Amino acid sequence: MSARTSGISPQRECRWCRYSIEIISSMRFAISLLMVLAIVSSIGTIIKQNEPYTNYVNKFGPFWAENFRVLGLFSVYSSGWFLAILGFLMISTVLCVFRNAPKIIADIRNWRDDICEGSLRSFDFQAEFISFVPRSEILTRVRKYIERRGYRSLVRERDGATFLAAKIGTVNKIGYLFIHIAIVIIFFGGVLDSDLLIRAQIFLFDKTLIQDNQVIPEISKNHRLSSENPTFRGHAFIPEGGHSSTAILNFHDGALIQELPFSIELKKFHVDYYSTGVPKLFSSDIVLANSLDGKSLHATIKVNEPFHYKGVTIYQSSFEDGGSKLRLIGYPMTGPKHTSFDVLGEVGDTIKLTNMLSAKRNALDYSIELSDFRSFNVESVPNASEGRAAPSVKKHSLRADLSQYFGSGAPSFLYKDFRNVGPSVQYKIRDRTGQEREYHNYMSPILLEDGQYVFMSGVRDVPDARFQYLRIPADAEMSVKQWMLLRAALSDEKARTEAVRRFVLESLPAAGSEQNFHAELLQSAKRELDLFAGAVAAVEGRQPAGGLQAITDFITTYVPITQQASAAHIFHRILYSTVWHLWQVAREGEGLPLAQLSPDNSRFIHVAINALSDHFLYAAPVFLQLNSFDQIQASVFQLTRSPGKKIVYFGGFLLVLGIFSMFYIRERRLWLLVKVRKHGGSSVLMASSTTRHALDFNREFERMKEEIAVLVETK
C-alpha cells in the first residue's frame, strides 16, 4: 500500500466544497505552490529586501518603484500574498498527512500474511526446498536465524500448512510522515519568530510606527512594545560608558521601540585588525542589570559567541563610532581669504559655519554634519620605493597634453601595497536648500609614488557613489597651509597681476626694442592665469570654468588644431612660472621668505597646480582638516527573542530523520510456507521482496537462500 497523490474526496453534498478539498489536498496542488514559492523567492533574492524606499526610487525610478512597492516586492517574505501562499501550502501538507497517515501506519503494522502460494511463486526472489526435518523444528531454526538478522516474524497455521511472515525496515514509511510533519512544524516555528505577532499587536493595541528621528526616552507608549513581547528581533546602539534598556525594531517604513527586561551598559569595546584592515576580532565587555531586582551580571560578548539572558539572546553585530570628540581646522576654499578657524564637535553633531568665509558667500547658509570617524584605515596606496607608476592608457586629448606636465590627479593602480594611513573623518556640507555633498578627509599626509606627500580629501554627491579625491600637496611643515595660501592668492586679482608682472620681468628683463612683445606676453600670461583662476570665461558666452579645463577650452576654440599640441607646451611653461611667482607674492604678503628653487619645491608646485585645477570640481566652501580627537567606540548589538527557534530545530531534526529513513532504510519482507508432502518430508517455499531493488539485495537473498537451505537440511 502506498501514499496517494490525489486529494481527499469527502462524502459531502456540497460539490464545490468536495472539489476544493480534493484539489487543496492533492500533491499536484502542493507542487504548484512550491514552484510559485521558488519563483517569488528568487525575486526576493534579486531585489534587496527592506531597503529605504529612496534607494529603490534611485534604482528603478519613481514609476516602477511605486508599482513594486504596491506589489510588496521590497519585502517579499513578509508580504500578505507570500504568507497566504505559505498558508495554503501548510494546509495542503496537513491534509496530505491527514489523508495518508492512517494508511501508512496500517501498512507498517500489516504482516501481509494473507498472500497465497501462487503469489509467492510469482515473486522475483523465491526458492523451494525439500526437507525431512520436522516442521516445528524447521520453523524454530528459521525463526531464530531471521531474528538474528533483525527481522520481526509472525507464524500462523493456515490450510494445513504453517505460514511465516517476517519484515524489517518498514520504518522507512515513517520518513514520509516525518518529512511532511517537519515542514508543518518548521512553518509553525517560523511564524512564531516572524513579524506576524508584532503586526497583531499593532492592529489590536493601536501601536504606530516612528517615522522620524526622536529621542528614545521621549517616545510615547503607543510606539513601544512591552518587555513581555514573545518574539522580536532588534538592535541597540550603545557607546562606551552608555547604557540602554530598549531595542529598535525596524518595521517596514518605520520603527518600534522594544522594552527589555534588563539594561545593557557597555564598559569597554575591543577591536583587533588584520594587516589588510579587516576587523579580526571585536568584542564588548558589558554589564546586564535586571529591571526587577537590580542585580547585575558581567559578561563579554564576541562575534559568533552570543550571550543568553532572561530569554533574550544578545549578539555582537557590528561596531560604529560612538560620538568621538573631534577638533578640526577649517580653511576657506573660495575667495582671497586663507585664515583658518577651529571647528569643535562630536560625531553626529550638526554645526553651523561661522562667518569666516569669503565675503561673496554667506557662511550661515551652510551647515556641517559630522557623520563618521575612523582611527584606523588600511588603504591600497602607491609604494614610493618602487618608482613612479606607469601612466594609464587613456584616450588622447589636449587636456592630457597639459596634465602630463603636472602629473595625473587620478589614482594609479600599479605598484600598490596595503598600509595604515591613519585616522579619517567623514562629514556632509549642506546648503540652505538642503543639497548636500559628502566629504572624506584623512588626517595625515600620504606619500605618493613620486615622493610627494599629499592630503587626500574625497567628495561624492550620492551616498552609494565612490569618493573622488582631491590631492592637496603637503608643505615643508607637513600641513596644507602653503597650498591654502596659494589658493587664496589665485583668487586675488592684485596678487595675480603682480605674479604676471614678475614673470614677464624675469622672462624679458630688458624691454628696449622688445617693448611690444613685452606687452603681448604680459597680456597672454595674465589671460592664462585668469582663465586658470576662473576669473574669466574661456569662451565668450560661457560661464567661467577654471582649472586646466578652462585653458583646454580656450586652446581648442582659438588655436588651429595643428598648433594645439605646441600651444599646450607653451601654456604649461607660462602657467608653471606664473603660479611659482604667485606663491612668492603670497609668501611675501605673509612676511615669509621667498621659496628657493629646489626639487621639493618644484614637485610641490606641480602637484599644487593639479590640486588648484581639481578644486573647482571639489565644490566645497571649506576644507576641514582633522587636528586631534578623543575616540569613543560604540557597539551595535542584535537582540532576539525567538521562541520558535527550538521548534524549528526540532522540525529540522524530524526532516533529517525522515530523509534518512526514506533514502537509507529499505523495507524487506520474507515469507516461508511449510507444507507436509504426501511422500514424506516437508516442502519449504521461500519468497522475499524489497521496496528498492539493488545488486546488494540480490546478494543478500542468495546468501539467505543458501543459509536457510543448510538450516532445513535440504535433500
Problem set entry | Flag for Ala255 being within 18 Å of Leu288 (Cα to Cα) and out of contact with any Ser or Thr (no Cβ under 7 Å at 6 or more places or on another chain) | no
Seminar exercise, completed: The residue that is surrounded by the fewest Cβ atoms within 10 Å (Cβ to Cβ), considering only those in the range 628-666 that are closer than 19 Å to Leu197 by Cβ and in contact with a Pro (Cβ under 8 Å, 6 or more places away or on another chain), is Pro643
Exercise. Has the range 627-640 got any residue that is at pLDDT 90 or above, under 38 Å from the mean Cα position of the chain (by Cα) and not in a strand (DSSP E or B)?
Worked result: yes
Exercise. Among the residues of the range 331-352, is there at least one that is touching a helix residue (DSSP H, G or I) at 6+ places or on another chain (Cβ under 7 Å), open to solvent by 50 Å² or more (accessible area, probe 1.4 Å), among the charged types (D, E, K, R) and in a strand (DSSP E or B)?
Worked result: yes
Problem set entry | Residues satisfying the stated conditions in the range 227-256, i.e. open to solvent by less than 50 Å² (accessible area, probe 1.4 Å), β-branched (Val, Ile, Thr) and either out of contact with any helix residue (DSSP H, G or I) (no Cβ under 8 Å at 6 or more places or on another chain) or in a strand (DSSP E or B) (or both) | Ile238, Thr246
For this session: Search the range 226-255 for residues that are in contact (Cβ under 8 Å) with a residue 60 or more places away in the chain and pair each with any residue that is among the hydrophobic types (A, V, I, L, M, F, W, C) and assigned to a loop (DSSP other than H, G, I, E, B) when their beta-carbon atoms are under 8 Å apart and the residues are at least 6 apart or on different chains.
Result: Pro239/Ile632; Glu240/Ile632; Gly241/Ile632; His252/Leu209; Asp253/Leu209
For this session: From the list Tyr453, Tyr442, Tyr366, pick out the single residue that is more than 25 Å from the chain's Cα centre (by Cα), at pLDDT 50 or above and under 22 Å from Tyr273 (Cβ atoms).
Result: Tyr442
For this session: Taking Met35 as the residue in question, decide whether it is at pLDDT below 85 and over 19 Å from Gly190 (Cα atoms).
Result: no
Problem set entry | Residue pairs meeting the criteria (Cβ under 7 Å; at least 6 apart or on separate chains; first hydroxyl-bearing (Ser, Thr, Tyr), in the range 147-158; second open to solvent by less than 70 Å² (accessible area, probe 1.4 Å) and part of a helix (DSSP H, G or I)) | Ser153/Ile146
Seminar exercise, completed: Among (1) in contact with a Leu (Cβ under 9 Å, 6 or more places away or on another chain); (2) among the aromatic types (Phe, Trp, Tyr); (3) at pLDDT below 90, Tyr176 falls short only on (1)
Problem set entry | Single condition Asp113 does not satisfy, out of (1) open to solvent by 50 Å² or more (accessible area, probe 1.4 Å); (2) at pLDDT 85 or above; (3) among the acidic types (Asp, Glu) | (1)
Seminar exercise, completed: The residue that is farthest from the chain's Cα centre (by Cα), considering only those in the range 280-300 that are touching a residue at least 24 places away in the same chain (Cβ under 8 Å) and within 30 Å of Phe418 (Cα to Cα), is Ser284
Exercise. Taking the range 585-619 as the region of interest, how many residues are without any contact (Cβ under 8 Å) to a residue 60 or more places away in the chain and in a helix (DSSP H, G or I)?
Worked result: 5
Seminar exercise, completed: Over the range 173-226, the set of residues within 21 Å of Ser642 (Cβ to Cβ), touching a helix residue (DSSP H, G or I) at 6+ places or on another chain (Cβ under 9 Å) and charged (D, E, K, R) is Asp193, Asp195, Arg199, Lys207
Exercise. Which residue, of Val70, Val97, is β-branched (Val, Ile, Thr) and either at pLDDT 90 or above or surrounded by 16 or more Cβ atoms within 10 Å (Cβ to Cβ) (or both)?
Worked result: Val97
For this session: For the range 547-582, name all the residues that are more than 48 Å from the chain's Cα centre (by Cα), within 20 Å of Ala495 (Cα to Cα) and open to solvent by 10 Å² or more (accessible area, probe 1.4 Å).
Result: Phe571, Arg573, Ile574, Ser577, Trp580, His581
Exercise. Of Ser42, Ser20, which residue is closer than 19 Å to Trp81 by Cβ, at pLDDT 75 or above and part of a helix (DSSP H, G or I)?
Worked result: Ser42
Exercise. If Ala200 passes every condition in (1) open to solvent by less than 60 Å² (accessible area, probe 1.4 Å); (2) more than 30 Å from Ala84 (Cα to Cα); (3) free of Cβ contacts under 8 Å to residues at least 12 places away in the same chain but one, which one does it miss?
Worked result: (2)
Exercise. Of the residues that make up the range 121-142, is at least one over 44 Å from the mean Cα position of the chain (by Cα), of a type in the set (Gly, Ala, Ser) and open to solvent by less than 40 Å² (accessible area, probe 1.4 Å)?
Worked result: yes
Exercise. Across the range 146-163, what is the number of residues that are crowded, with 16+ Cβ neighbours inside 10 Å and over 20 Å from Gly680 (Cα atoms)?
Worked result: 4
Exercise. Failed condition for Gln214, given (1) modelled with pLDDT under 90; (2) in a helix (DSSP H, G or I), with all others met?
Worked result: (2)
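Okay, residues lined up against (1) without any contact (Cβ under 8 Å) to a residue 24 or more places away in the chain; (2) open to solvent by less than 50 Å² (accessible area, probe 1.4 Å):
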{"residue": "Cys17", "(1), (2)": "yes, yes"}
{"residue": "Ile23", "(1), (2)": "yes, yes"}
{"residue": "Ile39", "(1), (2)": "yes, no"}
{"residue": "Ile43", "(1), (2)": "no, no"}
{"residue": "Gly61", "(1), (2)": "yes, yes"}
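The values are calculated or read from the model by the stated rules, or taken from the named source; none is laboratory data. Fair warning: this is a prediction, and the values are worked out from it, not measured in the lab. Backbone-built Cβ (ideal geometry, glycine too); neighbour counts: all protein chains shown. These accessible areas exclude ligands, DNA and RNA; they are computed on the full protein's heavy atoms, side chains included. Shrake-Rupley method; radii C 1.70, N 1.55, O 1.52, S 1.80 Å.
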